[in-house]
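The values are calculated or read from the model by the stated rules, or taken from the named source; none is laboratory data. Source: prediction; values computed, not measured. As a convention, Cβ positions derive from the backbone with ideal geometry for all residues, glycine included, and neighbour counts pool all protein chains shown. These area figures cover heavy atoms from the full protein model, side chains too; ligands, DNA and RNA do not enter into them. Shrake-Rupley method; radii C 1.70, N 1.55, O 1.52, S 1.80 Å.
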Amino acid sequence: QVQLVESGGGLVQAGGSLRLSCAASGRTVSSYVMGWFRQAPGKEREFVGRISWSGSTYYADSVKGRFTISRDNAKNMLYLQMNSLKPEDTGVYYCGAGPNCIDYRYWGQGTQVTVSS
């Protein structure tokens, strides 16, 4: 079993930056795909980006060039660096982990990101 805990959310002005963290415990996630998702009020959860065990990344078009995902397998940590934030980036951000990119078996509780205009 894997437990995921996100942190680092908050309120930021448009154009600002935030760095989210996701701490994994229970077992190592070094071999898992890990991803970030977000859910805005009244909308479905959407994919933000993911990173493979080897460090390969893939991003949604809406965040490409602004967000960067990284991981530290030794620390069982996942990160999301968000730059040039826009009001439409507002939402609850979740990290997920799983054996492949279509099977995220474990989820965190989410952290709120609010971008003011």
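See the values below:
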{"quantity": "Residue satisfying all of: in the range 102-117; part of a strand (DSSP E or B) and at pLDDT 95 or above; farthest from the chain's Cα centre (by Cα) among these", "calculated": "S116"}
{"quantity": "Tally of residues being farther than 13 Å from V113 by Cα and open to solvent by less than 40 Å² (accessible area, probe 1.4 Å) across the range 37-54", "calculated": "4"}
{"quantity": "Flag for V92 being open to solvent by less than 70 Å² (accessible area, probe 1.4 Å) and aliphatic (A, V, I, L, M)", "calculated": "yes"}
{"quantity": "Listing of strands (runs of 3 or more DSSP E) fully contained in the range 1-88 that carry 1 or more residues being in contact (Cβ under 8 Å) with a residue 60 or more places away in the chain", "calculated": "3-7, 10-13, 18-25, 33-39, 77-82"}
{"quantity": "Any hit, the range 62-71, residues being open to solvent by 40 Å² or more (accessible area, probe 1.4 Å), polar (S, T, N, Q) and under 16 Å from G8 (Cα atoms)", "calculated": "yes"}
{"quantity": "Scope the range 89-101; condition farther than 14 Å from S52 by Cβ and either assigned to a loop (DSSP other than H, G, I, E, B) or of a type in the set (D, E, K, R) (or both); matching residues", "calculated": "D89, T90"}
